[in-house]
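Worksheet for the structure shown next.
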Amino acid sequence: MKKIVRIILLSLIGIGVLSTFYYLWKKAQPKVVVYELVSPQNGTIENKTVATGKIEPRYEALIKPQISGIISELKKEAGDKIKAGEVIATIKVIPEMVQLNSAESRVRVAEINLSQQQQVFDRQKQLYKTKVISKEDFETSEAEYKRALEELDNAKDARDIIKDGINNKSRQTSNTQVRSTIDGMILDIPVKVGNSVILSNNFNDGTTIASVANMNDMIFKGKVDETEVGRIHTGMPIKLSVGALDNFIFDATLEYISPKGEEENGATLFEIRAAAHIPDSVFIRAGYSANAEIILRQATNVQIIPECTIEFNGDSTFVHVLTSEKEGQIFEKRPIKIGLSDGINVEIKEGLSSDERIRGGEKQETKK
């Protein structure tokens, strides 16, 4: 029995030794690495920068009242299209009592003066008919009577303006009717019926009744980092993408670069503006976030390869060109001249033909 156990133990030890030697032998075998093969392709290389910003109307007018009072009626709402001169809101004037009493007193004085002048005029008229007084005296009396009529009319108009903000003579152009100053679309009406408003004057901006903008003339307003601003100039083409429209892309033209930068989060940024060319079939809302791709340099219909296939050594660049596949992949290291790069692909200027294949990334690893 002991002999059998000894034989089994020796057998196990022998198998372990053989397995160890086999493992070490397999590990000592040379590794064979297979690489993906890449061929040059014709394509376009673009070197570009991206600016973030918003789509806004070029011109936005803030409509303010010319008289203080309370909003009595709103005839429009946000989103309505409007023409210059159309009424947006009506204001009810709340008169100041001292001014109103003064105006009422002026009307009463004018009525008394008119009554007196009318009596004098009627008397002078009878005397003139009987040729008791001269024509000059009659005309003087008539002028005084007409002046009293005009004074009463003016006093009543002044009272009506203080009381109601409107008189019969200027009813069509009354300050109580707030009108749009431009054609466009109403973006916002921040007031409601019953709100008090203040007139616009030299000392006060006044209450904004509405903001109106021409939605057919939109611009992109964004910011560019100082490292990129020196490489752009007005007139450059821009591609705008609007995230709210499923990344809808349309053209724009750079028309303004701020001469002064502003520091934000430790970086200096410069404001840019670009005229957006929006098709009539697309409606852009003011304030949409957008990204602007500015093409700094471009090479079209050139030979390109992935940048990861290039080996850099100082100022020199090399690729490994496949020379044989009979006994595994054999490559030749060859210098090339490159051009524009977008970070993914690079332009090949010299040293490589379109029918050659070069070494790419490692595909798989096997052992013999």
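The values are calculated or read from the model by the stated rules, or taken from the named source; none is laboratory data. Fair warning: this is a prediction, and the values are worked out from it, not measured in the lab. All Cβ positions, even for glycine, are placed from backbone atoms using ideal geometry, and neighbour counts span all protein chains on display. What goes into the accessible areas is simple: the full protein's heavy atoms, side chains included, and nothing from ligands, DNA or RNA. Shrake-Rupley method; radii C 1.70, N 1.55, O 1.52, S 1.80 Å.
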| message | Starting from a Cα-only point model with no solvent, please compute log10 I(q)/I(0) by Debye for the chain at q = 0.06, 0.07 1/Å. | response | -0.58, -0.68
| field | For the range 243-343, accessible area per residue (1.4 Å probe, heavy atoms of protein chains only), Å² | value | 61
| message | Compute the helix-to-body angle for 97-129: its Cα long axis versus the longest principal axis of the chain, expressed 0 to 90° and rounded to tens. | response | 40
| field | Area projected by the alpha carbon convex hull of the range 258-368, averaged over all directions, nm² | value | 14.5
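What percent do you get for the relative contact order of the chain when only Cα pairs under 8 Å and 6+ apart count? Each step should come with its number before you reach the end.
Numbers: 720 pairs, mean separation 103.4, N = 368.
Value for the chain: 28 percent.
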| Helix 2-27 versus the longest principal axis of the chain: what is the Cα-based angle in degrees, 0 to 90, to the nearest 10? | 60
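Check each of the trypsin sites (Lys or Arg not before Pro) in the range 260-351 and keep only those in coil by DSSP with at most 10 other C-beta atoms within 10 angstrom; list them in order.
On the way: sites: K260, R273, R285, R297, K326, K333, K337, K349; in loops: K260, R285.
Here the trypsin sites (Lys or Arg not before Pro) that fit, given the DSSP loop and packing criteria, are K260.
Compute, for the chain, the length of the dipole vector about the Cα centre, with Cβ point charges of +1 (Lys, Arg) and -1 (Asp, Glu) only. Units Debye, rounded to 20.
With Lys and Arg at +1 and Asp and Glu at -1, about 1680 debye.
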| Label-reachable residues, the range 73-89, where backbone N falls under 17 Å from a point 7 Å from Y59's Cα toward its Cβ | 82-86
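So what's the net charge close to I330: Lys and Arg +1, Asp and Glu -1, counting the other residues with Cβ under 15 Å from its Cβ?
Details: positive: K326, K333, R334, R357, R359; negative: E325, E327, E332, E356.
Residues close to I330 contribute a combined charge of +1.
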| message | As a test of the formula, what do you get for the chain when each DSSP H run with n ≥ 4 contributes -39,500 (n - 2.57) and the sum is divided by the residue count, at 222 nm and rounded to the nearest 500 deg cm²/dmol? | response | -9000 deg cm²/dmol
| field | Fraction of accessible area attributable to carbon and sulfur, the chain (%, probe 1.4 Å) | value | 49
| request: May I ask for the angle, rounded to the nearest 10°, between helix 135-164 and the longest principal axis of the chain, with both axes built from Cα atoms and the value confined to 0 to 90°? | output: 40
